[in-house]
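A short write-up of the structure that comes next.
The values are calculated or read from the model by the stated rules, or taken from the named source; none is laboratory data. It should be emphasised that the depicted structure is a prediction, and the values quoted were computed from it without experimental measurement. We place every Cβ from the backbone using ideal geometry, glycine too, and count neighbours over all the protein chains shown. Side chains included, ligands, DNA and RNA excluded: accessible areas come from the protein's heavy atoms. Shrake-Rupley method; radii C 1.70, N 1.55, O 1.52, S 1.80 Å.
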Amino acid sequence: MKQASSGDSKKIVGVFYKANEYATKNPNFLGCVENALGIRDWLESQGHQYIVTDDKEGPDCELEKHIPDLHVLISTPFHPAYVTAERIKKAKNLKLLLTAGIGSDHIDLQAAAAAGLTVAEVTGSNVVSVAEDELMRILILMRNFVPGYNQVVKGEWNVAGIAYRAYDLEGKTIGTVGAGRIGKLLLQRLKPFGCNLLYHDRLQMAPELEKETGAKFVEDLNEMLPKCDVIVINMPLTEKTRGMFNKELIGKLKKGVLIVNNARGAIMERQAVVDAVESGHIGGYSGDVWDPQPAPKDHPWRYMPNQAMTPHTSGTTIDAQLRYAAGTKDMLERYFKGEDFPTENYIVKDGELAPQYR
């Protein structure tokens, strides 16, 4: 590869989670600090500087040291580098913010737009991974799986303790709030289960897709939610959706409703979820997104009854990592050549936010 001249040399910083002893267990485990999306040799062979860290919080963290002179910042939704207006102000050379994955709400998008930065993500890279995970969570909650597993681990055997709140998925009403790429895939995967499928979104699906999934469009969210036995959150975190599921909205849901949220933790009002799960108004809550991330040890969702929470893993399967690493490399190659990215990857371009974030 042609060596870039020193004038073209860029400082690129990647913020990923540390894999420690797991880093060497799979050669395709690219999304961690140690393997750094598999692009280190390529970047350095082109004369660029590539710094990778997991240390992203507070005034003395490793990321903060590089903010004043970095050109490109790569982060993931799984271990997000929170890019505040204050950080953007300090970053005099910053031109490009890349999300290795989907969901760029860890960035102050208004501040990025005002500063003329480009924000992009690898659209579509982990939609299958997240949709599969949502289907798994629906079944885990519906069948009351986690308490059964915990009985086995503890050496117990109490069928009644599981069976009294275990149900079939067939015949239940499932509603997805948001029917973009992930929501559509989920509806397609739910079709064989014989559920009553509803969806709410800014845009109605094409008639042939509605026919294929059997899903019905409900324009008014307040009309859809009380009908649902299961609600799946599939919308981005924006100023409009932040804290949307508050005490008042949760109060309108069917008693015993199951909620799956792999979208963003901050869409839910934290304490309202805890109170509703403890009272039984929410029959079960499962997801892998928290606010903030990583979630502190005292986060109350860790200790709610009837929860099936995990760290943010749904979109970082090995298959997804291969896709979002390749997508990040592709965008960096285009950036170095001064070429545009695929249109759907842009979150902020020329001072304009993508429609889903407006």
### Task
Please work out the C-alpha center-to-center distance from region 255-288 to region 32-97 and express it in whole Å.
33 Å
### Query
Hey, if you put +1 on the Cβ of every Lys and Arg and -1 on every Asp and Glu Cβ in region 127-309, which of Gly148, Met304, Phe193 ends up farthest toward the positive end of that dipole?
Gly148
### Task
Grab region 186-255 and count how many Lys pairs have their alpha-carbon atoms under 28 Å apart, sequence gap of 8 or more, or different chains.
23
### Message
For the chain, what does the relative contact order come out to in percent, with C-alpha contacts under 8 Å and a separation of six or more?
### Response
17 percent
### Task
Can you check what the net charge comes to around Asn26, using other residues whose Cβ is under 13 Å from the Cβ of Asn26 (Lys, Arg +1; Asp, Glu -1)?
-2
### Note, ³J(HN,Hα) from phi for region 255-263, Karplus 6.51, -1.76, 1.60, rounded to Hz, x at Gly and Pro
5, x, 4, 9, 10, 10, 9, 9, 7
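How much of the accessible area of region 127-309, probe 1.4 Å, is carbon plus sulfur, in whole percent?
Working: 4860 of 8970 Å².
Using a 1.4 Å probe with all protein chains present, region 127-309 comes out at 54 percent carbon and sulfur.
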### Summary
Computed ³J(HN,Hα) along region 106-122: with the Karplus parameters 6.51/-1.76/1.60, θ = phi - 60°, integer Hz and x for glycine or proline, the list is 6, 9, 6, 5, 5, 5, 5, 5, 5, 8, x, 7, 9, 10, 9, 9, 8
### Added length on full extension, which subtracts the Cα-Cα distance from 0.36 nm per residue, Gln356 to Asn28
114.9 nm
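Give the accessible surface of the chain per residue, rounded to a whole number of Å², with probe radius 1.4 Å and ligands, DNA and RNA excluded. The partial results should precede the final answer.
Working: 16860 Å² over 358 residues.
Per-residue accessible area for the chain comes out at 47 Å².
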